[in-house]
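Handing you this structure, nothing more for now.
Read-outs: derived from the displayed coordinates by stated rules, not from any lab. Note that the structure is predicted; figures quoted are calculated from it, not measured. All Cβ positions, even for glycine, are placed from backbone atoms using ideal geometry, and neighbour counts span all protein chains on display.
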Amino acid sequence: MSRIINIGAAQMGPIAKNETKQSVVNRLISHLENAYKRGCDLVVFPELTLTTFFPRYFEEDIEKMDCYFEKEMPNTDVMPLFKRAKELNIGFYLGYAELTIENGVKRRFNTSITVDKNGDIIGKYRKIHLPGHKDFEEYRAFQHLEKRYFERGEEFKTFQGFDGTLGMAICNDRRWSETYRCLALQGAELIMIGYNTPVHNPPAPEHDNLSNFHNNLVFSSGAYQNGTWVVGVAKAGNEEGIEMIGQSQIVAPSGETVAMCTTLGDELITASCDLDLCNSYKNTLFNFDKHRIPSAYNILTK
């Protein structure tokens, strides 16, 4: 018997610095309502969905950036999204900047959550592979200060939902093979990944014209080599003068892209994803118990 999830990848166009969260949430709700019309069970939104990509701006006093962070989830600003999703009987993945106080200490993370059809948070992930740099670098046309504004998360974990085993990652995580493998070793059948990726890479501008190719490459190889569905969703377009890639996509365990956005704005693509298709790969070519040789990796490190 097939286990089919109808998934919507809800790409967002640019979010200006002065756009209110109410406006952004209304755009997200529009995506949900379109997804409902298409019969979706689950909608995936991008990384840092609720704000402009603020790590491009340097601020000496980090606390002045706290206005971009969510202190609880859900909160007053985001509650309409949770409420409408529950009314429509749709779950969602949402990326946002998280500020929490633990043992009297402020901690900031680049975070994503998955919410089920009842409006309950069933999974939470904090980004591990933080790109960029910590201090202002004058040569750059724009900064990429995730290492300044966020702490690194601790582990990749799967969780149960939508009749399957799910995992989450965020943006730069998608470029690292261990992201997919850590989740696949825990049985992941669907990995959701939001991203905000500029076309221009200041330390290596020779990569700029390969941005979309590399994006497709890591999604396809991650899906195929681990026998899992992968849904990658962008915030795209010209945001505050910075061009960001789009091509949000849904990739099958075969590595084939079954749906892809064709614009750089708010766009919804959908696909019916059969989680049982993962078995064709997990039980044959990529049967880890039969064919994977962990001890070989010790040789490579000597």
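Give the long-range amide H neighbours of His129: residues separated by 5 or more places, or on another chain, with amide H under 5 Å away, using H modelled in the peptide plane at 1.01 Å from N.
For His129, the qualifying residues are Asp173.
To continue, here is another question. Tell me, Trp176, Trp229 in order of fewest to most beta-carbon neighbours within 10 Å?
The order, fewest Cβ neighbours first, is Trp176, Trp229.
Sticking with this one: Based on alpha-carbon positions alone, could you give the equivalent ellipsoid semi-axes of the chain from the gyration tensor, as √(5λ), descending, whole Å?
Working from the Cα gyration tensor, I get semi-axes of 28, 24, 19 Å.
Just rank Arg27, Arg148, Arg38, fewest to most, by other beta-carbon atoms within 10 angstrom.
Arg38, Arg27, Arg148
Further question on the same structure: For segment 200-206, just list the computed ³J(HN,Hα) in residue order, Karplus coefficients 6.51, -1.76 and 1.60, θ = phi - 60°, integers in Hz, with x standing in for Gly and Pro.
7, 10, x, x, 9, x, 5
Going by average Cβ density within 10 Å per residue, which order do the peptides 92-99, 66-73, 121-128 take, highest to lowest?
Per-residue mean Cβ counts within 10 Å order the peptides as 92-99, 121-128, 66-73.
Segment 30-76 to segment 117-157: how many Å between their Cα centroids?
Between the Cα centres of segment 30-76 and segment 117-157 lies a distance of 13 Å.
To continue, here is another question. Hey, can you grab everything whose amide H is under 5 Å from the amide H of Met244? Only 5+ residues off in sequence or another chain; H modelled, so Pro and N-termini drop out.
Distant-sequence amide H within range of Met244: Val199, Gly237, Asn238, Glu239.
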